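Okay, so here's the structure we're looking at.
The values are calculated or read from the model by the stated rules, or taken from the named source; none is laboratory data. Quantities reported herein were computed from a predicted structural model and do not represent experimental measurements. Quick reminder, even Gly has a Cβ in these numbers, built from the backbone with ideal geometry, and neighbours come from all protein chains shown. Keep in mind that these areas ignore ligands, DNA and RNA; they rest on the heavy atoms of the full protein, side chains included. Shrake-Rupley method; radii C 1.70, N 1.55, O 1.52, S 1.80 Å.
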Amino acid sequence: MLPSNDCSPERVATALDAGMALRLGRYVAALDPRGIDASTRETVWRCILDALASAGAALDVPAVTAARQAARALHGEGPAPVWFTGRTAATAAALFANSAAVAALDLDDGHRRARGHPGAAVIPAVLASMHDRPGRTVADLVAAVMAGYEVGIRMAMARPAYAPSGAWSGYAVVAAAGKMLGLAAEVIAHALAIAAQTAPALPALAGIAGSDVKEGIPAGAAAGWAALQLAMAGYTGPVAVLDDERLFDREILLRGLGEAPLIDGVYFKPFGCCRHIHAPLEGWLHLQAAHGLDARDVAGMQVRTYRATFNLACRPAPATLVEAQYSVPYCLALCALHGSDALLPLETRHLGDEAVHRLAARIEVMHDPGIEPLFPARSPASVVVTLADGRRLSSPLMDPRGDPHTPLGWADLERKFGVATRRLLSRARQQAVLDAMEELRHGDSAPLLRVLGSAGQASP
């Protein structure tokens, strides 16, 4: 429940000037749901469904089970649903557990300019905070989602160097939950400043080695929620930190604020692996369709790509699902031998597949200087397949599907939800989620909250 708010706007305003924290706080507080156009509302629905697909696919992942257990131990009981489990918990616990589920299998949405994943923090924060402020409408929910993406992505873009999503997801939570709770601009400003000082200090390559921490999104989301609660209780933050040009680019923070929403630039993933791997997968699928290829005909492959791809471990025989999510050779070999749905999501039963390992060992990842200038605006790659008879087939330069110019529409995301959750959600529960999303579109959030709060796992 909400703490008593002895942090009046008059009190905290004395610590503020017209700096970045207050500018962003005012943007969030003043965001009018009536001004959000139909196209952006449609993007919000897609972001929610995509987050539910990502979480529903990960219910039995050991890291997600551990996150649920730890979150309840840390934060206790409450009314917020721990999605699809039939259990509830305190808002902070539900936020952490649900964020961990969304992020676990690398199926969640992303934004190219942020180079990270806003939805795994924003969607759990908005849905969890609805239980702290009953009476909020679906229009309020839409505005909160939009605010969370806007502020989180801006803070990511404004950093002088890349940082994993957990380093900036707290800002997204402050904006999203702050809007959902109807907080004053000054309170949001202080929460943003507190988050700037308390966010996880993640190294640039966190998670690449294959740990459950990955990009640290649940930890960042929890830090954002804690910052918001502190600001609501009267705790002040170093608001000038957002004006420090060594930490954040002022021009990027403000450019276009209040104009075209950044949420409209999100991408959605058709495969449960790092985005750097998606273009190579598209290259293989293009050649397979064009030439009727069978994996048994393949002697080897070359992937030509940009340098950032080499930050991935790329182990041909990964030991864990997280390692698999960061391996170009493994994902390509798995797709070639078992089809693209084998990556929706990756499953432990394929980790020991020796045929996949043998093919992956014959896949080489190469830097292409001609592709380098295209990244990060694009993340393209090309694939050259060498056949057993010596022939070589080259794909065109391919871009991942799911970017705004190659979008996954509602039907695509419904299919993604169905395939990704097929093992863990019953067909009845899957349909209940889709029906609830339709009700949400028409202004009723109650069916979605009910279905998220009920147990829906399929029989083993």
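Worth pointing out:
- Listed by chain and number, the aspartates and glutamates whose alpha-carbon sits under 16 Å from that of K179, ignoring those within fewer than 8 places in the same chain, are D32, D132, D140, E150.
- At 0.692 mPa s and 37 °C, Stokes diffusion of the range 59-202 via Kirkwood alpha-carbon radius, µm² per second: 215 µm²/s
- A simple rule links phi to the HN-Hα coupling: the Karplus curve 6.51 cos²θ - 1.76 cosθ + 1.60 with θ = phi - 60°, which for the range 156-164 gives 5, 5, 7, 5, x, 8, 4, 9, x Hz, with x for Gly and Pro.
- Distance (nanometres) between label positions extended 7 Å along Cα→Cβ at R296 and A201: 5.7 nm
- Taking amide H as placed 1.01 Å from N in the peptide plane, G116 has its amide H under 5 Å from the amide H of H111, each at least 5 places away in sequence or on another chain.
- Between 0 and 90°, nearest 10: helix 328-338 axis offset from the chain longest Cα axis: 70 degrees
- For the pair A455 and A139, the difference between a 0.36 nm per residue extended length and the Cα-Cα distance amounts to 111.0 nm.
- For the range 60-102: span of alpha carbons on each principal axis (Å, largest first): 24, 19, 14
- Along the range 435-441 the Karplus relation, 6.51 cos²θ - 1.76 cosθ + 1.60 evaluated at θ = phi - 60°, assigns HN-Hα couplings of 5, 5, 5, 5, 5, 4, 4 Hz to successive residues, with x for each Gly and Pro.
- Sorted largest first, extent of the chain alpha carbons per principal axis (Å): 77, 50, 39
- The sum of -39500 (n - 2.57) across all DSSP H runs of n ≥ 4, divided by the residue count of the chain, sets its helix-only mean residue ellipticity at 222 nm to -14000 deg cm²/dmol.
- Counted residue by residue at 0.36 nm each, then reduced by the alpha carbon distance between them, the extension gain from A70 to E372 reaches 104.6 nm.
- Solvent-accessible heavy-atom area per residue, rounded to whole Å², over the chain at 1.4 Å: 38 Å²
- Ordering of 244-254, 152-162 by packing [mean C-beta count within 10 Å, highest first]: 152-162, 244-254
- Alpha carbon Rg of the range 254-373, scaled by the compact-globule rule 2.2 N^0.38 Å: 1.18
- The local environment of S445, defined by Cβ-Cβ distances under 11 Å, has a net charge of 0 under the rule Lys, Arg +1 and Asp, Glu -1.
- Close amide H pairs (under 5 Å, H built 1.01 Å from N) link G402 with L408, residues at least 5 positions away or on another chain.
- Taking amide H as placed 1.01 Å from N in the peptide plane, the amide H of A80 sits under 5 Å from that of A89, T91, each at least 5 places away or on another chain.
- Beta bridges from DSSP with both residues in the chain: antiparallel share about 75 percent, rounded to the nearest 5.
- Cα shape, the range 353-447, gyration tensor, a/c 1.5 rule: oblate
- Unit charges on C-beta of K, R, D, E only; dipole of the chain, Debye: 460 debye
- The chain, accessible surface, carbon-and-sulfur percent (1.4 angstrom probe): 53 percent
- Summarised in one figure, the compactness ratio Rg/Rh of the range 120-204, Cα atoms and Kirkwood Rh, is 0.98.
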